[in-house]
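A quick write-up on the structure given underneath.
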Amino acid sequence: MNYQELLRKSSNESNNIACMGIDPNRGALPEGISIDEYYATLFHLMEKEGLKMSAYKPNIGYFARLDKPLEGNYDGSKSLANIITSLPSRPFILDSKRGDIASSSLNYAFEAFSSWNSDAVTVSPYMGSDSINPFAINFQDKGVYILDRTSNPGGKDLQNKTMDNSEPLYMTVARTILNWNKEYSSGIGAVVGATNLKEFRDIASLFAPYSIPLLIPGVGSQGGSAKDVIEILKEVEYPLEACRINSSSALTHPWAKRKESAPKNWKDVCLKNIESFIKECSL
């Protein structure tokens, strides 16, 4: 089964295109519970309530910072491994945003797909095809989400720069992603944030006829709206099953943005937000 087939399968089984980002803030968790125990509890409650995501996206940086290799401490990596093995369903996208010369990128590809057994990975396009080829050519059945127009405020610093052909850089990158998808693998997709709807529409309009996999972050704490995203996808006749709309801390510890401690009813708070998000992303 290639990555596009896996996306279709998971969206059909869950009847949504919702993706849960796993970006743990250890200081925001209830006292006395570990990161992996916290997520295992959430997954159990979700399964009990029939709340099923169509993808999961752990960000490796949140776990790597907890390792202290020089002291023989790999608590972060162990937590990530425990969370991955307890995921209720696939696909799982390793958010690592790698990108390097070809020989180094090949090692990063093995890190994502062999070491962590991910179904997809996020990759930076800045170094061009040298960065992309090792992921796409050596693992053609996997997903490769290439950063295009990201959801963070600073994304505009480079991504909106005007090129010689008078189009913004994000559209040049989008056209390149489309070409790589045709040439190398149907699993090549793009990261396009929900916080910049004009740019999102531009890219979605280009990609729609080709079912390019889309990873759409920025919903929830960053201010993006799943409803607005889906309206645009439907307007441009995008095949929804090729898309995954991501929300992270707004689902798993929404009180962190307000710099509050976990409430006593944190389970109910999370489940309510998860249920609402899944409904917003339903097919």
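Residues that are of a type in the set (A, V, I, L, M), part of a helix (DSSP H, G or I) and at pLDDT 95 or above within region 1-39 comprise Leu6, Leu7, Ile35, listed in sequence order.
Would you be able to tell me the number of residues in region 5-40 that are farther than 13 Å from Ala55 by Cβ, open to solvent by less than 40 Å² (accessible area, probe 1.4 Å) and not hydrophobic (A, V, I, L, M, F, W, C)? Residues flagged as farther than 13 Å from Ala55 by Cβ, open to solvent by less than 40 Å² (accessible area, probe 1.4 Å) and not hydrophobic (A, V, I, L, M, F, W, C) within region 5-40 amount to 6. Here Lys259 passes the criteria (1) open to solvent by less than 40 Å² (accessible area, probe 1.4 Å); (2) modelled with pLDDT under 95 except the one numbered (1).
Answer with yes or no whether Leu283 is open to solvent by 60 Å² or more (accessible area, probe 1.4 Å) and in contact with a strand residue (DSSP E or B) (Cβ under 8 Å, 6 or more places away or on another chain). Spell out how you get there, then give the answer.
On the way: open to solvent by 60 Å² or more (accessible area, probe 1.4 Å): yes; in contact with a strand residue (DSSP E or B) (Cβ under 8 Å, 6 or more places away or on another chain): yes.
Yes: the conditions hold for Leu283.
Here Ser185 passes the criteria (1) farther than 22 Å from Leu6 by Cβ; (2) among the small types (Gly, Ala, Ser); (3) touching a helix residue (DSSP H, G or I) at 6+ places or on another chain (Cβ under 7 Å) except the one numbered (1).
Can you list residue pairs whose Cβ atoms sit under 6 Å apart, with the first residue in region 254-265 being touching a residue at least 40 places away in the same chain (Cβ under 8 Å) and the second being among the polar types (S, T, N, Q)? Count only pairs 6 or more apart in sequence or on different chains. Pairs found: Ala256/Asn25; Ala256/Ser249. Filter region 202-213 for residues that are over 13 Å from Ala242 (Cβ atoms) and surrounded by fewer than 17 Cβ atoms within 10 Å (Cβ to Cβ) and give the result. Matches in region 202-213: Ser205 only.
Asn196: open to solvent by 10 Å² or more (accessible area, probe 1.4 Å), without any contact (Cβ under 8 Å) to a residue 12 or more places away in the chain and either closer than 30 Å to Met127 by Cα or among the acidic types (Asp, Glu) (or both), yes or no? Criteria not met by Asn196.
Among the residues of region 167-175, are any within 22 Å of Ala18 (Cβ to Cβ) and either modelled with pLDDT of 90 or more or more than 16 Å from the chain's Cα centre (by Cα) (or both)? No, that holds for no residue. All of (1) out of contact with any helix residue (DSSP H, G or I) (no Cβ under 7 Å at 6 or more places or on another chain); (2) within 29 Å of Cys243 (Cβ to Cβ); (3) of a type outside the set (S, T, N, Q); (4) open to solvent by 20 Å² or more (accessible area, probe 1.4 Å) hold for Leu51 with one exception: (1). Output yes when any residue across region 263-276 is surrounded by 18 or more Cβ atoms within 10 Å (Cβ to Cβ) and more than 23 Å from Lys48 (Cα to Cα), and no when none is. No.
If we keep just the residues of region 63-109 that are of a type in the set (Val, Ile, Thr) and in a helix (DSSP H, G or I), which is most open to solvent (accessible area, probe 1.4 Å)? It comes out as Thr85.
Based on this model, can you work out whether Ile60 counts as of a type in the set (Val, Ile, Thr) and either loosely packed, with under 15 Cβ neighbours inside 10 Å or closer than 18 Å to Glu275 by Cβ (or both)?
Criteria not met by Ile60.
Within the bounds of region 87-102, is there any residue that is without any contact (Cβ under 8 Å) to a residue 24 or more places away in the chain and farther than 15 Å from Phe139 by Cα? Within region 87-102 (the criterion being without any contact (Cβ under 8 Å) to a residue 24 or more places away in the chain and farther than 15 Å from Phe139 by Cα), the answer is no, since none of the residues qualifies.
A quick yes/no check of all residues on (1) farther than 19 Å from Ala256 by Cβ; (2) without any contact (Cβ under 8 Å) to a residue 24 or more places away in the chain; (3) under 15 Å from the mean Cα position of the chain (by Cα):
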| residue | (1), (2), (3) |
| --- | --- |
| Asn15 | yes, no, no |
| Asn25 | no, no, no |
| Lys48 | yes, yes, no |
| Leu70 | yes, yes, no |
| Tyr74 | yes, yes, no |
| Ser79 | no, no, no |
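Specify which of the listed residues (Ile274, Ile232, Ile177, Ile278) is aliphatic (A, V, I, L, M) and within 24 Å of Gln140 (Cα to Cα). Sole residue among the options that is aliphatic (A, V, I, L, M) and within 24 Å of Gln140 (Cα to Cα): Ile177.
The values are calculated or read from the model by the stated rules, or taken from the named source; none is laboratory data. Treat the numbers as computed from the prediction; the structure is a model and nothing was measured. Heads up, the Cβs are rebuilt from the backbone with ideal geometry, glycines too, and the neighbour counts pull from every protein chain shown. In case anyone asks, the SASA skips ligands and DNA or RNA and just uses the protein heavy atoms, side chains included. Shrake-Rupley method; radii C 1.70, N 1.55, O 1.52, S 1.80 Å.
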